[in-house]
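The values are calculated or read from the model by the stated rules, or taken from the named source; none is laboratory data. What you are looking at is a predicted structure, and each value in this text was computed from that prediction instead of being measured. Methodologically, a virtual Cβ is constructed for each residue, glycine included, from the backbone with ideal geometry; neighbour enumeration extends over all protein chains shown.
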């Protein structure tokens, strides 16, 4: 195994490079997966923008909807920002649905 930064040969059990001190990733705790900013299609009311922001920020969706409504009614910026977010934010990928069992239906 070689260091990806300086090219020094490393032993299989080394956690750090002896030359440049770059971590090898061996024995490191697993990094939690960061949530992506996507439109939540399951908990949506209009387009899923507020639900997506709530999931990304890990807050209650009702709080996000109230703040967004206040921005839309108060300054008018919220309405434009919602439309922009609706266009820019990708949809959440739906879980693959199981294929129908045609053999069971035919019997």
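Among the residues of the range 34-62, the ones that are surrounded by fewer than 12 Cβ atoms within 10 Å (Cβ to Cβ) and under 14 Å from residue 85 (Cα atoms) come to 1 in all. Scanning the range 80-90 for residues that are surrounded by fewer than 12 Cβ atoms within 10 Å (Cβ to Cβ) and not in a helix (DSSP H, G or I) returns a single hit, 90.
Residue by residue, here is whether (1) touching a strand residue (DSSP E or B) at 6+ places or on another chain (Cβ under 6 Å); (2) closer than 30 Å to residue 92 by Cα; (3) modelled with pLDDT of 85 or more holds:
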{"site": "1", "(1), (2), (3)": "no, no, no"}
{"site": "4", "(1), (2), (3)": "no, no, no"}
{"site": "9", "(1), (2), (3)": "yes, no, yes"}
{"site": "18", "(1), (2), (3)": "no, no, no"}
{"site": "21", "(1), (2), (3)": "no, no, no"}
{"site": "24", "(1), (2), (3)": "no, no, no"}
{"site": "29", "(1), (2), (3)": "no, yes, no"}
{"site": "32", "(1), (2), (3)": "no, yes, no"}
{"site": "48", "(1), (2), (3)": "yes, yes, yes"}
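Residue 77 satisfies every condition listed in (1) surrounded by fewer than 10 Cβ atoms within 10 Å (Cβ to Cβ); (2) without any contact (Cβ under 8 Å) to a residue 24 or more places away in the chain except (1).
Could you tell me whether the range 70-78 includes any residue that is assigned to a helix (DSSP H, G or I), over 27 Å from the mean Cα position of the chain (by Cα) and modelled with pLDDT of 85 or more? The answer is yes, given that some residue of the range 70-78 is assigned to a helix (DSSP H, G or I), over 27 Å from the mean Cα position of the chain (by Cα) and modelled with pLDDT of 85 or more.
Selection over the range 59-74 of residues that are touching a residue at least 12 places away in the same chain (Cβ under 8 Å) and under 24 Å from residue 33 (Cα atoms) gives a count of 2.
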